[in-house]
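Accompanying notes for the structure given below.
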Amino acid sequence: MIKNYTQTNYSLTQFIIMKNTCILLLGMFFSIAAFSQDRNCAAMEDLENRMKLDKGLSKRMANIEAYTQRKVKELETSKSIEGDIITIPVVIHVLYRNSTENISTAQIQSQIEVLNEDFRRTNSDADNTWSQAADTQIEFCLATVDPNGNSTTGITRKQVTREDWGGSAENAMKKLSSGGVNPWDTTQYLNMWVCPKLSAPGFNNLLGFAQFPGGNAATDGVVMGYKYFGKIGTATAPFELGRTTTHEVGHFLNLRHIWGDGGCGVDDFVTDTPESDDSNTGCVPTHVSCGSTDMVQNYMDYSDDSCMNLFTTGQKNRMRAILLSGGVRSSLALSDKCGAVTQPTCNDGIQNGNETGVDCGGDCTPCQTGNQYCESAGSRVQYEWIAGVQVGSFNNASGAQTYSDFTTQTVTLNRGQSNAITLTPGHSGTAYDEYFRVWVDYNKDGDFSDAGELTFDAGTASNSAVNGTITPNTSVSLGTTRMRVSMKYNAAPDACGNIGDGEVEDYTVNITNGNTPTPTCADGVQNGDETGVDCGGSSCTPCSTGGDKCAGVAAYDSSATYTAGDKVVYQNTLYERRANGGWTNLGPCGSPRGVGKLSFGLKIYPNPAEGNVLNLSSATISTVSYLVTNMKGQIVGKGTVSGPEKINISGLKRGLYLVKFTTENQIIIKKFIRK
């Protein structure tokens, strides 16, 4: 069986080669390891795809290469960094369909051990064949701290239904949106994905692939098939010793294939690796090409796992250059994600431990839901406190507390009506002067700073109970919200913060419409025992069920002045005055005008209306008269509109209104709110 890796390499304008009639531009972005009998030139296709997706990739990689060459020369002449061990935190994302593919923790740990042995040259198969073999002083550890600061094993597992995850062109395994797993912060972790199967055009069974420095952070990391990861469990010969991952991490750290993906004379940008005319497969340590013996034992060749055993000093310098200060992977070298886990506290500003929110829930105080009101409290209640709060029939007596949460108790406030309030101070001895204020969050936005929300102000300090009223505007929203009562010694308190000597109490209030107005036969609504709008029942005239719609309507008088909504009879036809001065024909006299449900689909919008107009639309009628009344039954507007038109409501105050629409034989009443 032959082990084939194909690799994308750097875009260097001076470096174009031809190999087996396939031109390889060294700007390739990914390296691909393929388990195949035949060499396939998939590199060009991958290059074209990467360059289409990322127009700036070639330039970035050229800049990285220029930096690497400068840094390598510096490392070759300086011994100052020797002895500095770089440790890279690793997270393994296991995608599996069954228990076999869900590789064991022991198998994962065996791969970390292989990486450390190979990169530190403590591997048992190391020999002295090549004097330039080096300890890279790079180590790897499974992460112990996750991106949220919580403890982790450095392993994530996800059961999937997909077998073949493709290759670098798709990167599906790295995307939650494609069924995979998004990478952890790629500046802090080396992400590895282990998949059931990998493939690419020309390669039915890929061993793995890696992303070179300079690519998209959302796809950064290395990928391996589960049969070629670690050295126990599912690891399959001749790739059963974990060297596939060693090879791919080499690419991740900026190493090219040792033969330079070309023939003799093609460079891998490392000075101490011999030239080779091609990749080596199997294990033939005596193979000679380009006038020298091939380094088939190098991890960046295509040899079997059992044949590989070294990185060179030049490769070490190239990898460390990318990790040291100034390198694009320097943040990985500085990452502390393998260190001790910081123990969560309830004031560290992050959600960790068993918290269900930031510094709340779990072992901390419960997380609040809904509006989060500012904190307020007195500094001491040794001498004074709030002894009683009475609003209408609600009466709550309390003791000395700097802050009291009475939000389990509900005060009812009637909208548009005066609600009596009495606030009583408590004193331990001398009756000091106290200043009371009350706020209600009428618009329910979590604060007390909006206009009209300071709903009661005593105006002066007093040593006895204070009385007054709270009158919610008719436009405020119905339902429950927060009320804050604050008492401060001898000065007006603020809604938030420490008020000094005194107390703060919070309540829930329920805003209601209050008492329903007494029904009348002219309030424009069907209420009481009426059987229609302002008709029927015990008090109003009977509702019309037929007859002449012109009955009771005066004849047109040319000398009279008419306003919008007035009706007249002219030439045995009923007309209604429009707001624009014209007349609307309501049909001939003698036909009935009943009261019933409308079927013409009339709509008004917006509701609530914040502007100066109320829009009217109907799919089936062209003319309709309207009458606007307030909740006291007072007429505040009338007129006639034709088709989709606007009703002017600029003169209306904020509040709830009724609008009665009348056509030739139908009436409908709708409510709207003027904000």
(message) I'm checking my understanding of the structure. Among residues of region 399-425 that are over 21 Å from VAL476 (Cα atoms) and more than 43 Å from the chain's Cα centre (by Cα), which one is surrounded by the fewest Cβ atoms within 10 Å (Cβ to Cβ)?
(response) GLY399
(message) Name the single residue that is modelled with the lowest pLDDT among those in region 541-569 being hydroxyl-bearing (Ser, Thr, Tyr) and exposed (fewer than 15 other Cβ atoms within 10 Å of the Cβ).
(response) THR545
(request) Write out, first by first residue and then by second, each pair whose Cβ atoms fall under 6 Å of each other, whose residues are 6+ apart or on separate chains, and whose first residue, in region 573-585, is within 22 Å of VAL636 (Cβ to Cβ) while the second is not in a strand (DSSP E or B). (result) ARG577/TYR562; ARG577/ALA564; ARG577/ASP566; ALA579/ALA564; THR584/ARG578
(message) Pairs needed: first member in region 51-73, under 13 Å from PHE269 (Cα atoms); second member anywhere, open to solvent by less than 90 Å² (accessible area, probe 1.4 Å) and among the hydroxyl-bearing types (Ser, Thr, Tyr); C-beta distance under 6 Å; at least 6 residues apart or different chains.
(response) ALA62/SER11; GLU65/TYR10
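Could you tell me which of the residues ARG97, ARG120 is surrounded by 14 or more Cβ atoms within 10 Å (Cβ to Cβ) and without any contact (Cβ under 8 Å) to a residue 40 or more places away in the chain?
ARG120
Would you confirm, using the coordinates I've provided, whether PHE239 is in contact (Cβ under 8 Å) with a residue 40 or more places away in the chain, open to solvent by less than 10 Å² (accessible area, probe 1.4 Å) and closer than 26 Å to ASN182 by Cβ?
The answer is no for PHE239.
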(message) Can you tell me how many residues within region 314-338 are surrounded by 15 or more Cβ atoms within 10 Å (Cβ to Cβ) and in a loop (DSSP other than H, G, I, E, B)?
(response) 7
(message) I'd like to check which strands (runs of 3 or more DSSP E) are fully inside region 631-675 and have at least 1 residues that are open to solvent by less than 60 Å² (accessible area, probe 1.4 Å) and at pLDDT below 75.
(response) 635-642, 655-662, 667-674
(message) Among the residues of region 571-587, what is the count of those that are loosely packed, with under 15 Cβ neighbours inside 10 Å and at pLDDT 70 or above?
(response) 5
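Against the definition (exposed (fewer than 14 other Cβ atoms within 10 Å of the Cβ) and in a loop (DSSP other than H, G, I, E, B)), how does ASN395 come out, yes or no?
Judged against the criteria, ASN395 is not a match.
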(request) Go through region 185-201 residue by residue and tally those that are open to solvent by 10 Å² or more (accessible area, probe 1.4 Å) and in contact with a strand residue (DSSP E or B) (Cβ under 8 Å, 6 or more places away or on another chain). (result) 5
(request) For region 217-226, indicate whether the set of residues that are open to solvent by 10 Å² or more (accessible area, probe 1.4 Å) and closer than 25 Å to SER124 by Cα is non-empty. (result) yes
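Among the listed residues ASP294, ASP267, which satisfies the condition of being in contact with a Pro (Cβ under 7 Å, 6 or more places away or on another chain) and either open to solvent by less than 10 Å² (accessible area, probe 1.4 Å) or modelled with pLDDT under 95 (or both)?
From the options ASP294, ASP267, the qualifying one is ASP294.
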(message) Between GLN107, GLN132, which is at pLDDT 95 or above and either surrounded by fewer than 16 Cβ atoms within 10 Å (Cβ to Cβ) or more than 30 Å from LYS174 (Cα to Cα) (or both)?
(response) GLN132
(message) Going by what's in this entry, would ASP272 be described as buried (at least 21 other Cβ atoms within 10 Å of the Cβ), touching a residue at least 24 places away in the same chain (Cβ under 8 Å) and acidic (Asp, Glu)?
(response) no
(message) Quick check on this structure: which one of VAL341, VAL284 is of a type in the set (Val, Ile, Thr), in contact (Cβ under 8 Å) with a residue 60 or more places away in the chain, open to solvent by 20 Å² or more (accessible area, probe 1.4 Å) and part of a loop (DSSP other than H, G, I, E, B)?
(response) VAL341
(request) Name every residue in region 142-151 that is open to solvent by 30 Å² or more (accessible area, probe 1.4 Å) and farther than 12 Å from TYR189 by Cα, in order of residue number. (result) ASN148, ASN150, SER151
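If we scan region 135-154, do we find a residue that is farther than 14 Å from VAL91 by Cβ, assigned to a loop (DSSP other than H, G, I, E, B) and of a type in the set (Asp, Glu)?
yes
For a quick check of your reading: which strands (runs of 3 or more DSSP E) sit entirely within region 409-492 and have at least 1 residues that are of a type in the set (Lys, Arg)? Write out each step before concluding.
Details: elements: 419-427, 434-440, 454-457, 466-470, 479-489.
Fully inside region 409-492 and qualifying: 434-440, 479-489.
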(message) Based on this model, can you work out whether ASP301 counts as surrounded by fewer than 21 Cβ atoms within 10 Å (Cβ to Cβ) and either part of a loop (DSSP other than H, G, I, E, B) or polar (S, T, N, Q) (or both)?
(response) no
(message) For the structure I just gave you, tell me whether ILE155 is in contact with a helix residue (DSSP H, G or I) (Cβ under 7 Å, 6 or more places away or on another chain), in contact (Cβ under 8 Å) with a residue 60 or more places away in the chain and surrounded by fewer than 19 Cβ atoms within 10 Å (Cβ to Cβ).
(response) yes
(request) Could you tell me whether any residue of region 381-390 is open to solvent by less than 90 Å² (accessible area, probe 1.4 Å), out of contact with any strand residue (DSSP E or B) (no Cβ under 9 Å at 6 or more places or on another chain) and polar (S, T, N, Q)? (result) no
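The values are calculated or read from the model by the stated rules, or taken from the named source; none is laboratory data. Because the structure is a prediction, the values reported are computed rather than measured. Ideal geometry is used to build each Cβ from the backbone, glycine not excepted, and the neighbour counts take in all protein chains shown. Accessible surface areas use protein heavy atoms only, side chains included; no ligands, DNA or RNA. Shrake-Rupley method; radii C 1.70, N 1.55, O 1.52, S 1.80 Å.
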